[in-house]
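I have placed the structure first, in the form of structure tokens, so that the comments after it can refer back to it.
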Amino acid sequence: MFILLILMLAVWAVPALANPACAVCTVAVGASLELARHYGVDDAIVGVWAGAMLVILAYWMLRWMDKKGWHFAGRDFIIIVSSVAMIGFMYVSELVYTPQIIGIFYMDGFLFSVLVGALVMHYSSEFYQWMKAHNGGHAHFPFEKVVVPVLALCLASAYFYYFPLSNENMETSSESLYDFHTEAEPENAE
């Protein structure tokens with residue numbers, strides 16, 4: 001009990017310093033990726049949420065820069081792109097870049113899902129702002145600002161669950177979902 005009290009006081013007494021370009025975020029994504037792999041979650045689903053997390057970190061950095069009064073041309077784009085680009089540290093330490101054909105793209109499945117997650121997070125937040133503006137500046141229901149992006153990310157995750165990116169996952173999932181194994185028909189002995 002005494003140790004718990006000391007830890008709580010230590011956390012309360014020290015101000016939190018967050019750096020969105022830190023290695024802790026990369027380690028957290030890597031740990032969640034390994035934990036998700038352990039439980040059988042596809043990397044593409046983890047990538048969607050990792051991309052969303054990186055965009056949120058960029059938004060926090062932009063808010064901090066607004067408080068400091070730091071404005072320059074292209075600031076928002078540069079901060080968001082550099083924040084999402086931090087996923088590159090995962091390829092330095094945790095992942096091997098294995099490109100594959102995904103629609104019209106030729107890239108790693110995890111990187112593709114990170115980019116999809118980042119775009120879903122950004123555009124769902126923009127969609128919420130549009131909905132709010134068309135409702136007289138008010139949300140339609142409590143916590144709409146949270147529900148809209150989370151619902152959009154859940155839909156993207158569900159899409160990657162039912163339509164996996166990697167070929168090996170497609171083979172194993174198609175075998176387990178559909179039992180279309182046909183036996184070779186014997187040749188006619190006529």
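Where a number appears in this text, it was derived from the coordinates with a stated rule and is not lab data. It should be emphasised that the depicted structure is a prediction, and the values quoted were computed from it without experimental measurement. Positions of Cβ are backbone-derived with ideal geometry, glycine not excepted, and every protein chain shown enters the neighbour counts.
Tabulated data for the structure shown
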read-out: Whole-Hz ³J(HN,Hα) from phi, Karplus 6.51 cos²θ - 1.76 cosθ + 1.60, for the range 46-54, glycine and proline x; value: 5, x, 4, 6, 5, x, 5, 4, 5
read-out: Volume per residue that the Cα convex hull of the range 19-165 spans, once the total is divided by residue count, Å³; value: 146
read-out: Nonlocal amide H pairs with residue 100, under 5 Å, H built at 1.01 Å; value: 107, 108, 109
read-out: Burial ordering of 72, 163, 112, fewest other beta-carbon atoms within 10 Å first; value: 72, 163, 112
read-out: Modelled FRET efficiency - R0 30 Å, residue 37 with residue 106, Cβ distances, 0.05 increments; value: 0.80
read-out: Extension gain (nm, one decimal) between residue 82 and residue 133, 0.36 nm per residue minus Cα-Cα; value: 15.5 nm
read-out: Residue order, fewest to most surrounding Cβ atoms within 10 angstrom, among 125, 82; value: 82, 125
